[in-house]
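**Student:** First, the structure itself, so that you have it in front of you.
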Amino acid sequence: MRNKRFMYGKVILATSMIWFMFDVLLLLYYTDDGNRGSITQEHTQSRRVDLKGPGEMGQPVIIPPEEEELKKEMFKINQFNLLASNKISVNRTLPDVRIDGCKKKIYPPSQKLPTTSIIIVFHNEAWSTLIRNIHSIINRSPREILEEIILVDDASERDFLGKQLDDYVRGLSVRVRVVRMAERSGIVGARLRGAAISTGEVLTFLDAHCECTKGWLEPLIARIAEDRTRVVSPVIDSISDETFEYNSVPELGCGGFNWRLNFRWYPMSKREKKRRKGDATIPINTPTMAGGLFSIHKEYFYRIGTYDEGMDIWGGENLEMSFRIWMCGGTLEIVPCSHVGHVFRGKSPYTFPGGVATVVHNNNRRLAEVWMDEYKSFYYKTVPNARNAEYGDIEDRKQLREKLQCNSFRWYLENIFPDSQFLLDNYFRFCEVRNMETKQCLDNMGQKEKSKAALSRCHGQGGHQIYAWSKLNELKHDDLCLDASAPSGFKDVEQSRCNSHGGTQEWRYNEELKSIMHVVSGLCLDKADADSTTPTLHQCDNRLSQKWELVEISMF
Ligand code: LR7
Ligand code: MN
């Protein structure tokens, strides 16, 4: 670890010396130039900035023990380490995380690329993250492309986001406009407002707590310049909510979604890997996008139906746009040469008027009812409570789908997302898995990855008790597979992300004996020990507690 840091330090030193020399040359040749100016600016900046300053080069900020209490208090405000964020320069340097192939890529000159308006919506965002976001854009975007930055304040309740923000942005070298929603409207309403007043040819949306890295913008805009039906996202790197360390994602994945209609990252499909022929700089076709960071041609944004205005606050709009783009003839890509960091946090810091569940169910129902055809019932079986959500009028959106002559959801699954959790072809059956001695059912209990599998009273309502036998012989709830591994002596039955490799995630049902065998260990799934809810694995001996009834569930 220490060694790595030391090496890192050396590299930085060497790089800054090279930059310094490069800078002198640049200054000699170009004294006054807009676009190159943005290059010089970054170089000048990195020369002036104390590279040992907190968070420079994307390094983690260490909070001293005496400030631990303060850190905890401040964490609650935005659900990230605000104290750490406040210590970092608004102009902090970041590593150039692009692969070599990307650094060498040549894009059309900026003057020839369309301009873009950058739209950032926020509700009660922290000052330091928002301002650092803005500076990262200004410092690392060619002036010719950067038309303006639009900040849409979604009815924030923080004084500093008022006049102080207006005054601050007035002093910047790029046009930054602040508009304010009279009432809390959520992501969709606020972004639509930003789009409505924008003057750029392309709209680029960012969450409020992002930091753009070197060369982030050109690859996005260049894709759209070639074909305006492309909607493109950068690689979304992680900025730690604890330390604000910048970390590039180790492996490029694709966006997907689970039965509950949550956005999820999944490994890139074999088909997509093959299509890209091992060239890591080629844009990745992704079934869905995370939703916060993307560029879209303004004319296409309107032609394809902007957003569903019936979606409130947070959630659903990202999948809605993803389905719509693909089903109605566009493409959705992740551009590997563009990297932007985002602060991922464990929970939302703000209120959801009406309650989180109500808001999210409402949005997801609109999504399911308009776009998912018969597959919407997967969602209702998995989230039975959603059936009661009032989702309002969807006639407009149905008409839009009609007008654009969009493909069916099945077409989308088969052609764009063949690895999906929704394709029946990938399964043998869906069922409740019922222990014949205790009469208990396998139950996901709403747990996430790396939790222990559980058993509870069978309720027959589907939900967390739906298990699927996949054609890969996995026993899974949604995208979580029952798994048992050697390190635990095959004692613990866990729920881990399905990896499609069989191995410790492979199970076999014996119709006659009614046993469920874990293939690698040869052990049989058994009831929970007394005073536990976790199923166990034992030598197969055909006892009643090792017998399981599979009660068929129809997902349609
Ligand atoms: O009522 C609101 N009004 C707002 O203006 C609620 C939120 N917001 C703002 C908020 O201040 C922030 O700037 O909207 C932005 C997104 O909200 P976050 O940061 O709380 O959401 P998130 O990062 O958890 O959300 C992801 O999913 C959302 C679903 O609605 C949106 O699509 C977000 O844009 C999206 N963020 C990303 O894709 C970043 C990468 C995360 C991943 C994976
Ligand atoms: Mn966010």
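**Student:** In whole Hz and in residue order, list the ³J(HN,Hα) couplings for region 529-544 that follow from phi through the Karplus curve 6.51 cos²θ - 1.76 cosθ + 1.60, θ = phi - 60°; x for Gly and Pro.
**Tutor:** Karplus values, whole Hz, x for Gly and Pro: 5, 3, 6, 9, 10, 9, x, 10, 10, 9, 3, 6, 9, 6, 6, 4.
**Student:** Under a cut-off of 13 Å between alpha-carbon atoms, report the aspartates and glutamates in cross-link reach of LYS439, not counting same-chain residues fewer than 8 places apart.
**Tutor:** Correct list for LYS439: ASP526, GLU549.
**Student:** Would you calculate the separation in nanometres between label points at LYS448 and SER532, each defined as 7 Å from the Cα along the Cα-to-beta-carbon direction?
**Tutor:** Here the answer is 2.5 nm between the modelled labels.
**Student:** In the structure displayed, which of LYS347/LYS376; LYS448/LYS514; LYS112/LYS403; LYS270/LYS514; LYS347/LYS527 lie more than 30 Å apart, Cα to Cα?
**Tutor:** LYS112/LYS403; LYS270/LYS514; LYS347/LYS527
**Student:** Separate question: Can you work out ³J(HN,Hα) from phi for every residue in region 491-503, in order, using Karplus 6.51 cos²θ - 1.76 cosθ + 1.60 and θ = phi - 60°, giving whole Hz and x for Gly and Pro?
**Tutor:** 8, 8, 9, 10, 10, 10, 3, 5, 10, 6, 9, x, x
**Student:** As a footprinting exposure proxy, order LYS527, LYS298, LYS71 by other Cβ within 10 Å, with the fewest listed first.
**Tutor:** In increasing order of surrounding Cβ atoms, one gets LYS71, LYS298, LYS527.
**Student:** In addition: Given the C-alpha centroids of region 63-130 and region 396-462, what is the distance between them in whole angstrom?
**Tutor:** 36
**Student:** Further, regarding this structure: If you add up the charges near GLU506, with Lys and Arg at +1 and Asp and Glu at -1, over every other residue whose beta carbon is less than 12 angstrom from its beta carbon, what do you get? Write out the running numbers ahead of the final one.
**Tutor:** Details: positive: LYS471, LYS476, ARG508; negative: GLU474, ASP483.
Net charge around GLU506: +1.
**Student:** I've got another one for you. For region 60-65, take each phi angle, set θ = phi - 60°, evaluate the Karplus expression 6.51 cos²θ - 1.76 cosθ + 1.60, and give the result in whole Hz per residue in order, putting x for glycine and proline.
**Tutor:** Residue by residue, region 60-65 yields x, 9, 9, 8, x, x Hz.
**Student:** Also: Under the rule of at least 5 residues apart or a separate chain, name every residue whose amide H is placed under 5 Å from the amide H of THR115.
**Tutor:** GLU201, VAL202
**Student:** Using amide H atoms built 1.01 Å from N in the peptide plane, name the residues 5+ places from ARG497, or on other chains, whose amide H lies under 5 Å from its own.
**Tutor:** So ARG497 has HN proximity to LYS450, CYS481.
**Student:** A further question follows. Check the chain for me: any Cys whose beta-carbon has no other cysteine beta-carbon within less than 4.7 Å?
**Tutor:** CYS210, CYS212, CYS254, CYS431
**Student:** Give the lysines reachable from LYS274 as a straight Cα distance under 17 Å; neighbours fewer than 8 places away on the same chain don't count.
**Tutor:** Output for LYS274: empty list, no partners.
**Student:** Give me the number: length gained by fully extending SER408 to ASN385, i.e. 0.36 nm times residue separation minus the C-alpha to C-alpha distance, one decimal in nm.
**Tutor:** That works out to 5.7 nm of additional length.
**Student:** Here is a further query. Let me have the 222 nm mean residue ellipticity of the chain computed from DSSP H runs of 4+ only, each contributing -39500 (n - 2.57), with the sum over all residues rounded to the nearest 500.
**Tutor:** Counting only the DSSP helices, I get -9500 deg cm²/dmol.
**Student:** Here's a follow-up. Based only on other Cβ atoms within 10 Å, what is the fewest-to-most ordering of HIS342, HIS297?
**Tutor:** HIS342, HIS297
**Student:** Describe numerically, in nm with one decimal, the distance between label points set 7 Å from Cα along Cα→Cβ at ASN262 and at SER521.
**Tutor:** Label-label distance for ASN262 and SER521, simple model: 2.5 nm.
**Student:** ILE553: net charge of surrounding residues, Cβ under 9 Å, Lys/Arg +1, Asp/Glu -1, itself excluded?
**Tutor:** Its environment carries a net charge of 0.
**Student:** For LYS450, which lysines qualify as cross-link partners when the Cα separation must be under 17 Å and same-chain residues fewer than eight apart are set aside?
**Tutor:** Partners found: LYS476, LYS491.
**Student:** Along the Cα→Cβ direction, 7 angstrom out, place labels at PHE428 and GLU183. What is the inter-label distance in nm?
**Tutor:** It is 5.4 nm.
**Student:** If you don't mind, there's one more thing I want to ask. Treating the beta-carbon of each Lys and Arg as +1 and of each Asp and Glu as -1, no other charges, what is the dipole magnitude of region 490-546 about its Cα centre, to the nearest 20 debye?
**Tutor:** 100
**Student:** If you count the DSSP beta bridges with both ends in the chain, what percent of them are antiparallel, to the nearest 5?
**Tutor:** 65
**Student:** Can you give me the long-range amide H partners of LEU332? Hydrogens built in the peptide plane at 1.01 Å from N, cutoff under 5 Å, separation of 5 or more residues or another chain.
**Tutor:** It is VAL231, THR286, by chain and number.
**Student:** Tell me, in nm to one decimal, what length is gained between ASN415 and VAL174 on full extension, where the rule is 0.36 nm per residue of separation less the Cα-Cα distance?
**Tutor:** On the way: separation 241, 0.36 × 241 = 86.76 nm, distance 4.24 nm.
Roughly 82.5 nm would be gained on extension.
Each value in this text was obtained by applying a stated rule to the coordinates, not by laboratory testing. Please read all numbers here as calculations on a predicted model, not as lab measurements. Note that each Cβ is placed from the backbone with ideal geometry, even for glycine, and that neighbours are counted across all protein chains shown.
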